[in-house]
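K.L.:
Please see the structure below; I have some questions.
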Amino acid sequence: MASAHPEIQVYAGPQAPKKAVTLRTLRAKYEKQQPICMATAYDYPSAVHVDQADIDIILVGDSVSMVVHGHDTTLPITLDDMLMHCKAVARGAARAFLVGDLPFGSYELSTTEAVRSAIRMLKEGGMDAVKLEGGSPARVEAARAIVEAGVAVMGHVGLTPQSVSVLGGFRPQAQVASEAVRVINQAKALQASGCFAIVLECIPAPIAAAVTKALRIPTIGIGAGPQCSGQVLVYHDLLGMMSHPHHAKVTPKFCKRYAEVGTIIQQALVQYRQEVADGLFPGQQYSPYSIQQQEVDLLVKELESSGMRDCAAAVSEAAEAANAAKQQQR
């Protein structure tokens, strides 16, 4: 019998959506020792790109303060700013697990404030989880309170950019034994608070290996060597998106550039500007909308009768140029 939907015989139709990544997915990869991949995204287009690359986790990072808003640190970004970016990313990602950074000033004053901010990230921002920085007792307590409120939390130890004031700049951490022990203990405390994963930033690879061995949850490295359970990079960094000197001074040493998209973008913009200046763009090819000659004649008469002879002449001249261009293309 003929199908009631004959198009099914010709093509498969829309593909079934890919299964969304969940905490169970991440846990299964961790238990199978399969590396977890995470990348940042800050808007709808970047979220679509990252999601279609089948990257496991999208982090809407407070690094948006630097790579999108042009600040020197992550400190100026606000919770409302982050929510705007989270909403855009949530609209662009259909598969990846979404983690929103709690920005500086949104969770430090009390556990009540921390829970309130985390809930907003899920209810308003469309995130699946939140990330907070630091492993001090206060941060551990905040993480515990957020988890108990029903929100998944990713921890973050090592270099914590929100603490740049205390750290004295963006400096690698755990390069002496006492600091290494502190980082290990902080990671263990965050695990005990209920965190489902820990970001390890800018620490020596042997220390990251020790932390990973000490934990029963995944570690996500960024400048922390290959022994972590997974890796994360910033979207603009890994694509070589920016070439401005301001960005060059904050691009981390550990970042591998997988493309030089910024150079291509700059070349395209310069070419566009030059073609406009030379009168080459848009030209006939990119002026697709036409008007019939009889309508041109009617318009010219109407303009002339209204005393708008210059406009009438402009219409006639432009119509003649368009017709001549069409003839040349044939």
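K.L.:
Calculate for the chain the 222 nm mean residue ellipticity that helices alone would give, adding -39,500 (n - 2.57) per DSSP H run of length 4 or more and normalising by residue count, nearest 500 deg cm²/dmol.
P.N.:
Estimated from H runs of four or more residues: -14000 deg cm²/dmol.
K.L.:
Would you mind classifying the stretch 259-330 by shape? Square roots of the alpha carbon gyration tensor eigenvalues, ordered a ≥ b ≥ c; an a/c under 1.5 is rounded, otherwise it is prolate if a/b is larger than b/c and oblate if not.
P.N.:
Prolate, since a/c reaches 1.5 and a/b exceeds b/c.
K.L.:
Still on this structure, I have one more. Starting from the Cα of Ala318, step 7 Å along the direction of its Cβ; do the same at Tyr272; then give the gap between the two resulting points in nm.
P.N.:
2.2
K.L.:
Reachable lysines from Lys19, Cα under 28 Å, same-chain residues fewer than 8 places away excluded?
P.N.:
Lys29, Lys32, Lys87, Lys123, Lys131
K.L.:
Shifting gears a bit: With the full set of protein chains in place, find how many percent of the accessible area of the chain is carbon and sulfur; take the probe as 1.4 Å.
P.N.:
That fraction is 56 percent.
K.L.:
If you don't mind, there's one more thing I want to ask. What residues qualify as long-range amide H neighbours of Val199, i.e. H under 5 Å apart, gap of 5 or more or another chain, H built at 1.01 Å from N?
P.N.:
Result for Val199 returns Gly155, His156, Val157, Ile220.
K.L.:
Once phi is turned into θ = phi - 60°, what whole-Hz ³J(HN,Hα) does the Karplus curve with 6.51, -1.76 and 1.60 give for every residue of the stretch 20-30, x standing for Gly and Pro?
P.N.:
For the stretch 20-30, the Karplus curve yields 5, 7, 10, 4, 5, 4, 5, 5, 5, 5, 4 Hz.
K.L.:
Would you mind getting the accessible area per residue of the chain, heavy atoms of the protein chains only, 1.4 Å probe, in Å²?
P.N.:
Dividing the accessible area of the chain by its residue count gives 56 Å².
The values are calculated or read from the model by the stated rules, or taken from the named source; none is laboratory data. Note that the coordinates shown come from a computational prediction; the quantities given were computed from them, not determined experimentally. Virtual Cβ from ideal backbone geometry, glycine too; neighbours counted across all protein chains shown. Areas reflect the complete protein model, heavy atoms only, side chains present, ligands, DNA and RNA absent. Shrake-Rupley method; radii C 1.70, N 1.55, O 1.52, S 1.80 Å.
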